[in-house]
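Shown next, in structure tokens, is the structure this report addresses.
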Amino acid sequence: MSPTLGTRPPHTPADWWVTADQARRAAQGGLADAATAPDMLRTLAELDRARRASLVAAGAAAEALLAAGTGWPELAAALGFASAEEAREALGAARADAESAIEERLGHRA
């Protein structure tokens with residue numbers, strides 16, 4: 001946080017890309033380690049961890065693209081949404097999860 005302004009500097013596109021990559025790797029690892037029957041509870045837990053990590057990766061990737069100047073219409077088209085607003089709504093939870101992940105990874109900047 002800036003001591004004079006009381007605000008945090010924005011995260012850079014690189015900050016977001018590192019967070020997206022870390023989450024993507026976590027998602028892949030969870031899927032690679034997933035077991036098969038009869039250990040279905042462990043498999044379910046691993047798949048859920050991968051799902052949560054995938055949300056962080058998608059949210060962080062969206063934030064990186066937005067921070068680098070990509071607009072919502074381009075994100076919507078890339079994801080197959082009919083409008084920028086639909087994309088914003090669909091990515092809302094993923095972006096919030098990414099914000100939490102980047103704050104955890106970087107902490108509060110001075």
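The values are calculated or read from the model by the stated rules, or taken from the named source; none is laboratory data. Note that the coordinates shown come from a computational prediction; the quantities given were computed from them, not determined experimentally. A quick note on method: Cβ atoms are made from the backbone with ideal geometry, for glycine too, and the neighbour counts reach across all protein chains shown. Just so you know, the surface numbers come from the protein's heavy atoms only, side chains and all, with ligands and any DNA or RNA stripped out. Shrake-Rupley method; radii C 1.70, N 1.55, O 1.52, S 1.80 Å.
Details
- Per-atom-type breakdown for the stretch 41-110 gives carbon and sulfur 58% of the accessible area (1.4 Å probe, protein chains only).
- Packing-based ranking, highest mean first, of 14-21, 71-78, 58-65, 92-99 given that Cβ atoms within 10 Å are counted: 58-65, 14-21, 92-99, 71-78
- Within the stretch 66-110, the proportion of Cα pairs with more than 12 Å between them is 65 percent.
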